[in-house]
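The values are calculated or read from the model by the stated rules, or taken from the named source; none is laboratory data. Everything numeric in this text was worked out from a predicted model, so none of it was measured. FYI the Cβ positions are ideal-geometry reconstructions off the backbone, even for glycines, and counts take in every protein chain you see.
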Amino acid sequence: MARGTDMGGAGHPEPERTTTPERSSRIALVASSAYPNPGGVEQHVRHVARELTARGHAVEVWTVARDGVPSRDLVDGVPVRWLPAPLPARSAGALAGFARRVPQAWGLWAEAVRSFRPSLLHVQCFGPNGVYAAALSRRFRIPMAVSSHGETFMDEDDVFGQSALLRSGLRTAIARSEFVTGCSEYTLADLRARFGLEGGHVVLNGVDPLDGPSVAASSGVDPADAAGTAPSAEPTVFAVGRLVRVKGFDLLLEAFARASVPDGTRLVVGGDGAERTALEASADRLGVADRVRFLGRLDPPEVARAMASASLLVVPSRVEAFGIVVLEGWRAGLPVIATDHGGPAEFVAHLHDGYLVDPEHPDALARALEEVLGDAGLADRLGAAGAERVAAFTWGATVDAYERLYRERVALPGTLTVR
């Protein structure tokens, strides 16, 4: 396993990039989830796969079929395999079901190896995908790497607290890996404290430019109405993400209800999830339902359009591994209020390119809303500084960091000879 700490990826000086890699390789990005499912990991894997392919590597994405039904897809020209990944559970019935399903599942994963012949299994966000990747690494003697995206502390069901198999699997995978990365130092610290990591490398996320293929793609909806947020003279606070407790939208509603903000200020929330009904009830209870709108799930172009109509972006997460949405807000030129719990505090400079706050203190978050919405000069300065800063956060820089680790830590042959 790689030792020592290295800061790589967006937000740091970019190493010299070679358009033709010194040694192209065959890389399987073994992901817990993939596009078109929503989320930061899905964005990361999509863009990394596309960038690696553009540099001459052969890439496939192998991800978990949540319904257990195997299928294949093509995203941005990159093959995606959706593979069943059953794990054993404690009950007799669950164990029997696992025993029935695992031979077929293992056969499909092994067939992916035989078909693609990867020279590296690069796990992105460890879950059942990581357990299967580690088994493949042992069986076929394929080098393995692990990139963590906060899954060990951001999962709503605390799967790592509930599953001894995942905990031991992650420890084993970390010990076996050629290198381990995290999207923030906060993420690596959790791996060190609980899963035996020594060292590790920070590889930050990027953001697609507004004219990039995942943002500029037409959704067939008029830009002014794409997210139901036509441009308005009224101040608009925007927040977006999975509607789950860790994302802190309940904290934002509480703060919004307490804040003394300009008349007509609206709160617009994009995203969907298990907490939506509870959040709508909370808005009603707090007396702000007439000023709050829930848009439901948004695709990347709709997120960009909604931000273009907003006055302010808020990221109120109880904890955040990184926070790609901060970069999206900067890209839109918005002032950003972000949680100080986790990754954002590592790249957002308080009162320079963003406003850091503890969202679990509603009065503090309300005060942040009041200050940014009430001070046009402050809002303009934050927005301008963020718009300048975001230029450093490219997916090219993220892949530069990965390629450097591939060269330094992994002896990558062009193909794998499978026996």
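Annotations for the structure displayed:
- Residue check for Gly396: over 20 Å from Leu251 (Cα atoms), assigned to a helix (DSSP H, G or I) and without any contact (Cβ under 8 Å) to a residue 60 or more places away in the chain: no
- Taking each residue of the stretch 101-118 that is in the same structural domain as Arg138 (by TED's automatic domain parsing) and within 16 Å of Ser137 (Cα to Cα) and looking for partners that are part of a helix (DSSP H, G or I) and of a type in the set (A, V, I, L, M) with beta-carbon atoms closer than 8 Å, six or more apart or interchain, yields Trp106/Ala135; Trp109/Ala135; Trp109/Leu136; Ala110/Leu136; Val113/Leu136.
- Options Phe294, Phe322; residue that is in the same structural domain as Leu373 (by TED's automatic domain parsing), in a loop (DSSP other than H, G, I, E, B) and of a type in the set (Phe, Trp, Tyr): Phe322
- Members of the stretch 394-404 found to be in contact with a strand residue (DSSP E or B) (Cβ under 8 Å, 6 or more places away or on another chain) and crowded, with 22+ Cβ neighbours inside 10 Å, listed by number: Ala397, Thr398, Asp400, Ala401, Tyr402
- When every residue of the stretch 142-155 is checked against the conditions, at least one turns out to be touching an Asp or Glu at 6+ places or on another chain (Cβ under 7 Å) and closer than 22 Å to Gly248 by Cα.
- Of the residues making up the stretch 128-145, those that are in contact (Cβ under 8 Å) with a residue 60 or more places away in the chain and not in a helix (DSSP H, G or I) number 3.
- Reported count of residues in the stretch 179-207, each being buried (at least 20 other Cβ atoms within 10 Å of the Cβ) and either free of Cβ contacts under 8 Å to residues at least 12 places away in the same chain or of a type in the set (Asp, Glu) (or both), is 1.
- For the stretch 121-136, a residue qualifies if it is farther than 12 Å from Val64 by Cβ and surrounded by fewer than 24 Cβ atoms within 10 Å (Cβ to Cβ), and the qualifying residues are Ala135, Leu136.
- When every residue of the stretch 252-261 is checked against the conditions, at least one turns out to be surrounded by fewer than 16 Cβ atoms within 10 Å (Cβ to Cβ), more than 24 Å from the chain's Cα centre (by Cα) and either of a type in the set (S, T, N, Q) or not in a helix (DSSP H, G or I) (or both).
- So Ala349, is it among the hydrophobic types (A, V, I, L, M, F, W, C), surrounded by 16 or more Cβ atoms within 10 Å (Cβ to Cβ) and outside the structural domain of Val59 (by TED's automatic domain parsing): no
- Candidate set: the stretch 36-85, residues that are among the basic types (Lys, Arg) and either touching a Leu at 6+ places or on another chain (Cβ under 7 Å) or assigned to a loop (DSSP other than H, G, I, E, B) (or both); chosen: the one surrounded by the most Cβ atoms within 10 Å (Cβ to Cβ): Arg55
- Only residues that are touching a Gly at 6+ places or on another chain (Cβ under 9 Å), at pLDDT 90 or above and closer than 20 Å to Val372 by Cα were counted in the stretch 233-247, giving 4.
- Condition check for Ala110: of a type in the set (A, V, I, L, M) and either at pLDDT below 95 or under 22 Å from Thr398 (Cβ atoms) (or both): no
- In the stretch 189-232, of all residues being out of contact with any Ser or Thr (no Cβ under 7 Å at 6 or more places or on another chain) and among the acidic types (Asp, Glu), the one that is modelled with the lowest pLDDT corresponds to Asp222.
- Tally of residues being under 22 Å from Pro316 (Cβ atoms) and either part of a loop (DSSP other than H, G, I, E, B) or modelled with pLDDT of 95 or more (or both) across the stretch 154-188: 9
- If the condition is being surrounded by 18 or more Cβ atoms within 10 Å (Cβ to Cβ), within 25 Å of Gln43 (Cβ to Cβ) and of a type in the set (A, V, I, L, M), then the stretch 137-163 contributes Met144, Ala145, Val146, Met154.
- Residue match in the stretch 350-366 (condition: under 19 Å from Cys183 (Cα atoms), assigned to a loop (DSSP other than H, G, I, E, B), among the hydrophobic types (A, V, I, L, M, F, W, C) and in contact (Cβ under 8 Å) with a residue 12 or more places away in the chain): no
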